[in-house]
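Peer 1: Questions regarding the structure given below will be posed in turn.
The values are calculated or read from the model by the stated rules, or taken from the named source; none is laboratory data. Predicted, not measured: the structure shown is a model, and the values here were computed from it. Positions of Cβ are generated from backbone atoms using ideal geometry, with glycine treated the same way; all protein chains shown enter the neighbour counts. The protein model used for the area step is the full one, side chains on, heavy atoms only, and it has no ligands, DNA or RNA in it. Shrake-Rupley method; radii C 1.70, N 1.55, O 1.52, S 1.80 Å.
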Amino acid sequence: MASRVDTDEDGDKGSMWDLDQTIDQPMDEEAGRLRNMYREKSLGVVYGDLGTSPLYVFYNTFPNGVKDEDEVLGALSLIIYSLTLVPLLKYVFVVLRANDNGQGGTFALYSLLCRHAKIKTIPNQHRTDEELTTYSRSTFHERSFAAKTKRWLEERESWKSAILILVLAGTCMVIGDGILTPAISVLSAVGGIKVNQPNMSSGVVVLVAVVILIGFFSMQHYGTDRVSWLFAPIVLLWFLLIGGIGIFNIWKHGIRVLKAFSPVYIYHYFRRGGKHGWTSLGGIMLSITGTEALFADLAHFPVSAVQLAFTLVVFPCLLLAYSGQAAYLMNNLTHSKDAFYRSIPERIYWPVFVVATAAAIVASQATITATFSIIKQALAHGCFPRVKVIYTSKKFAGQIYIPDINWILMILCIAVTAGFENQNQIGNAYGTAVVIVMLVTTFLMILIMILVWRCHWILVLAFTSLSLIVEFSYFFSVIFKVNQGGWVPLVIAGAFLIIMYVWHYGTVKRYEFEMHSKVSMAWILGLGPSLGLVRVPGIGLVYTELASGVPPIFSHFITNLPAIHSVVVFVCVKYLPVYTVPEEERFLVKRIGPKNYHIFRCVARYGYKDLHKKDDEFEKKLFDNLSLFVKLESMMEGCSDSDEYSITGHQTEWSRDGLLNGTGSTVSSNVELTINSIDSIVQVRSPPHANITVRSSGHVSSQNEVDELEFLNSCRDAGVVHILGNTVVMARRDSNFFKKVAVDYIYAFLRKICRENSVIFNVPHESLLNVGQIFYV
């Protein structure tokens, strides 16, 4: 076949071939067994936070004591219906269904939306990304309400930014939960010592809580793999204990407390309480804390199991626990401060204290796990500075540890525990964080119901109305307590929001600058095969964020150095809005320019759950895919019938019975080829039922293939150099004051303290070459 190359502006010849997608991988039974075992051990992490709320709810609802029995009944009625409407109906039966292939949390919802509408602010996706097996999305009728909503969002950049800020705000509040949950849970549990030893000072209780918290955060780097088998028994025993104690108190103090199941008492509670009754909702709301952690930790447990366990075990035990405490309070109106511990039968007081402390630690682990998980997702979306992420288990990929975040959480958690005068102030702060996260989830769920589920507008309106009525009631109640501790999560979230938004803003501006400064392929072709330089033996891996085109760092490199490697590969490591990219679909390879230029592109794709960890096989897999690409490309050129395959710009379709992969085995799935011309790009795709065999055109094609493979191997043996851009991003002189502060100071500072790309990509120092460049954005 005649050798002729047509190139577009980007100079990309051929297509991004998903080389490994054609290889079928058998199901790993051992991996499945380990995943199931992990889910069983993670039961405690999922429910721990929600289950420890009875330790402090009534104290935060009645910090100044209880007036009469009707007030207790009204508060209990609010707790019952809050648990029913929010955790049970909204989350367990609605929100959990919006999981992204088993992944929960704010960014999982955002990823779902990004796949169904082009609202991602970094436009680095390629059409081949949508062909991933994990890239599931719905299709719309053009005139449907979902399609109109999709177009409306895609046409408005301001709404894209608004959705992103909403997601970031929810993420920051989850981080706030990771600080406040250990503080209030451990302090409330340890407070049981003072109930039994009333002469003990509050300072001793705080000191014991701080010691436990230091030990708790210091043990995080070991991971939960070794002790997680205890989580489920501890939490199960805890629920059985609080449920049993609740039954005991109802039997001992009277069943009249069950009248609280009538919502009439809610009306009487607000009518009699006035503003005080309204502000006490902040304490009532603590009964549903942990619900967001349940959603964020969803990856550790099947949705159906969460629904079943919550409905049959968690929900009834919580109702019994709160009803039992209310029954006790109705006969002991002055004991609201420590109603839980005082309602425990004396004979089992210390065993319950031990289990309560253990359950508080498990609850703290639930929020820490959720915090690590959601920060990992934010990293993948380019919304958090690069921090070190460590896998703490060789068996379970979901167990991660982020050292920098862990120590920041520990310092802030200790400061909150020791700094506040009482649990009530911590409770006010906790309630503020939780209600804002719930509101964010509600707003995102509205879009999920429209774009993903395509629900009827009546169902969307019903869900929205019911959720917002309940959650805005809680929100306006905690607003009254901002000066009583509620300011803490707002300050913490505000600081993290500034960090995350500025980092994302700088990332987007840097990407846009690189996109607009791409090197013209005409300029590359004008340099000739040698690129106007000495082509030295070896392979140069040029890392770039661009998935198409030649990055400006390359022109900067070749205009300042007299030599370039014989083979150049542009490597793009990018994250997609999917939970994971299967290993066999990870790499995409294409050629840039004519063959004798020896320039390629390799895109390594990851999901937000995946981790680009230290892997000696990464470079090997990259070159294996590169070699396979050369083989497949040679076989494409070997098609003997010119009317079946054309590179002159006319679209044709063809297929083959089989192709040989790198190991010589037959590959039986489709291969997609994109032919680039000056004016257009047309696709050549194999139809699923065609039976056309690829035939070799003779010795020339085979010889060219062998020659190029030998050339690649010899260059690899000569050495591999990793070329990274050490870019400095600065605001233009005509930028406004806020942009200069954000880019020149905050973003520059974050770039200095975060991990470098060479560390993220695990590049050995002896083969690293940094290319400095300044970007004015």
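Peer 1: Please determine whether any residue of region 555-563 is in contact (Cβ under 8 Å) with a residue 40 or more places away in the chain, touching a strand residue (DSSP E or B) at 6+ places or on another chain (Cβ under 7 Å) and within 30 Å of K118 (Cβ to Cβ).
Peer 2: no
Peer 1: May I ask you to list the residues in region 554-585 that are open to solvent by 20 Å² or more (accessible area, probe 1.4 Å) and not in a strand (DSSP E or B)? Outline the logic, then answer.
Peer 2: First, the residues of region 554-585 that are open to solvent by 20 Å² or more (accessible area, probe 1.4 Å): 555-556, 559-563, 565, 573, 575, 579-580, 582-584.
Selection gives S555, H556, T559, N560, L561, P562, Y579, T580, P582, E583, E584.
Peer 1: (1) in contact with a Ser or Thr (Cβ under 8 Å, 6 or more places away or on another chain); (2) open to solvent by less than 50 Å² (accessible area, probe 1.4 Å); (3) not polar (S, T, N, Q): which one isn't true of L490, the others all being true?
Peer 2: (2)
Peer 1: Are any residues in region 723-763 open to solvent by 50 Å² or more (accessible area, probe 1.4 Å) and part of a loop (DSSP other than H, G, I, E, B), and if so, which ones?
Peer 2: Passing the criteria: R732, R733, D734, N736, R755, E756, N762.
Peer 1: Taking region 351-389, which residues are out of contact with any helix residue (DSSP H, G or I) (no Cβ under 7 Å at 6 or more places or on another chain), surrounded by fewer than 19 Cβ atoms within 10 Å (Cβ to Cβ) and either aliphatic (A, V, I, L, M) or touching a residue at least 40 places away in the same chain (Cβ under 8 Å) (or both)?
Peer 2: V354
Peer 1: Name the residues in region 256-266 that are of a type outside the set (V, I, T) and crowded, with 17+ Cβ neighbours inside 10 Å, would you?
Peer 2: Residues of region 256-266 that are of a type outside the set (V, I, T), as a first pass: 256, 258-263, 265.
Residues satisfying the conditions are A260, Y265.
Peer 1: Within region 235-269, which residues are among the aromatic types (F, W, Y) and in contact (Cβ under 8 Å) with a residue 24 or more places away in the chain?
Peer 2: W238, F239, F248, F261, Y265, Y269
Peer 1: Does any residue of region 237-255 turn out to be in contact with a Phe, Trp or Tyr (Cβ under 7 Å, 6 or more places away or on another chain), open to solvent by less than 30 Å² (accessible area, probe 1.4 Å) and either more than 30 Å from D70 (Cβ to Cβ) or modelled with pLDDT under 90 (or both)?
Peer 2: no
Peer 1: Could you tell me which residue of region 447-481 is nearest to L78 (Cα to Cα), considering only residues that are of a type in the set (G, A, S) and open to solvent by 20 Å² or more (accessible area, probe 1.4 Å)? If you could, list the steps in order and put the result at the bottom.
Peer 2: Of all residues in region 447-481, those of a type in the set (G, A, S) come to 462, 465, 467, 473, 477.
Pick out the ones that are also open to solvent by 20 Å² or more (accessible area, probe 1.4 Å) and you get 462, 465, 473.
Values: A462: 21, S465: 18, S473: 12 Å.
That would be S473.
Peer 1: Between G223, G203, G191, which is under 19 Å from V355 (Cα atoms) and of a type in the set (G, A, S)?
Peer 2: Working: G223 fails: under 19 Å from V355 (Cα atoms); G203 fails: under 19 Å from V355 (Cα atoms).
Exactly one residue qualifies, and that residue is G191.
Peer 1: Here is a further query. Inside region 139-156, can you point out the residues that are surrounded by fewer than 12 Cβ atoms within 10 Å (Cβ to Cβ) and outside any loop (DSSP other than H, G, I, E, B)?
Peer 2: W152 - this is the single residue of region 139-156 that is surrounded by fewer than 12 Cβ atoms within 10 Å (Cβ to Cβ) and outside any loop (DSSP other than H, G, I, E, B).
Peer 1: A follow-up question, please. Just the residues that are hydrophobic (A, V, I, L, M, F, W, C) and open to solvent by 30 Å² or more (accessible area, probe 1.4 Å), please, taken from region 267-300. Talk me through it step by step, then tell me what you get.
Peer 2: Our first condition is that a residue be hydrophobic (A, V, I, L, M, F, W, C); within region 267-300, this holds for 270, 278, 281, 284-286, 288, 293-296, 298-299.
Result: F270, W278, A299.
Peer 1: OK, next. Limited to region 100-138, what total is found for residues that are open to solvent by less than 40 Å² (accessible area, probe 1.4 Å) and either of a type outside the set (D, E, K, R) or farther than 17 Å from Y579 by Cα (or both)? Lay out the reasoning, then the answer.
Peer 2: Of region 100-138, the ones open to solvent by less than 40 Å² (accessible area, probe 1.4 Å) are 100, 102-117, 119-122, 124, 126, 128-129, 132, 134-135, 138.
Add one more test, that the residue is either of a type outside the set (D, E, K, R) or farther than 17 Å from Y579 by Cα (or both), and what stays is 102-114, 116-117, 119, 121-122, 124, 126, 128, 132, 134-135, 138.
Looking only at that region, the number is 25.
Peer 1: Could you check region 306-417 for helices (runs of 4 or more DSSP H) lying wholly inside it with 1 or more residues that are within 20 Å of the chain's Cα centre (by Cα) and charged (D, E, K, R)?
Peer 2: Values: elements: 315-331, 339-342, 349-380.
Ranges flagged: 349-380.
Peer 1: Here's something else I'd like to know. Identify all residues within region 335-350 that are buried (at least 23 other Cβ atoms within 10 Å of the Cβ) and not small (G, A, S); write none if there are none.
Peer 2: Result: F340, I344.
Peer 1: Next question. Do the conditions hold for A397, that is, is it open to solvent by less than 30 Å² (accessible area, probe 1.4 Å) and at pLDDT below 90? Reasoning before the result, please.
Peer 2: On the way: open to solvent by less than 30 Å² (accessible area, probe 1.4 Å): no; at pLDDT below 90: yes.
Taking the combined requirement at face value, the residue does not satisfy it.
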